[in-house]
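First comes the structure, then the notes that go with it.
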Amino acid sequence: MKEKPFDRFCRKCLGILCQDIMKYIWIGKIFGIENVPKKGPLILISNHVSYFDFLILGVLFEDILDRRLHFFAKQKVVEHPLFKNYAKYFQTLALFENKPINQVWKMALNLLKHDRAIGIFPEGTRSRSGALMPFKQGYLRLANAALAPILPVYLTNTYKILPPNKKLPRLEKSDIIIHTPIDFAKKQSKEGLKRLNQEVVNIYSLYNSRRKKV
């Protein structure tokens, strides 16, 4: 899946523009940058409270590794005026209501087979309150099928930057916390995936409780 020259040109132009704006205005401190694998397949997961999460994570990944982060995203996101060009050039895995999920699943597995990085929000949608919601296990099933490591990332303050029902972002900064990767060296059972999911939820709950104390 070699990237077309024009797509790469558009991606780099968009990346340079976004990086400069995002880094100086909205991206704060980055913790754990050494935890990001430099190559190979990767499934990045993150808490999700704002449409701005896509931009911050995309710019972060471009700036670190010069790699695209292919997000799973709902139809309303890829058709959003602010994100549709981002979705097009970064080959977002669009979840359309009238299309079977199996097709997107195969695309995701193929991307991972070619050492690409995929971004997933385990909560499935934005939290309307800013609080963590239950994590669905689709990210774990994908990692189990591809034997790809999972990279937990926690974003702070994006709820304040662009909360639901707001059209213009506020001038706030988001800190980024990158956890150590969770390795998938061998297939896990259903019970094993259930335990892993709880471990991941515990990681995010800990970060969330620390954020509230700040």
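Structure notes:
- Distance between the 7 Å Cα→Cβ label points at D20 and A185: 4.5 nm.
- Under a 5 Å amide H cut-off, with hydrogens placed 1.01 Å from N, L95 pairs with A73, K74, Q75 among residues at least 5 apart or on other chains.
- Among beta bridges from DSSP that stay inside the range 42-213, the antiparallel ones total about 20%.
- The 3J(HN,Hα) values that the Karplus relation (6.51, -1.76, 1.60; θ = phi - 60°) gives for the range 48-53 are, in residue order, 9, 10, 7, 4, 5, 4 Hz. Gly and Pro appear as x.
- Residues with amide H under 5 Å from that of I27, placed H, sequence gap 5 or more: S174
- Dipole in debye (nearest 20) - the range 17-65, about Cα centre, beta carbon charges: Lys, Arg +1; Asp, Glu -1: 120 debye
- Amide proton proximity set for L162, modelled H, under 5 Å, gap of 5+: R170
- Gain on full stretching of the segment that runs from K166 to N102 - 0.36 nm per residue minus C-alpha separation: 19.7 nm
Every number in this text was worked out from the coordinates using simple rules, so none of it is lab data. What you are looking at is a predicted structure, and each value in this text was computed from that prediction instead of being measured. As a convention, Cβ positions derive from the backbone with ideal geometry for all residues, glycine included, and neighbour counts pool all protein chains shown.
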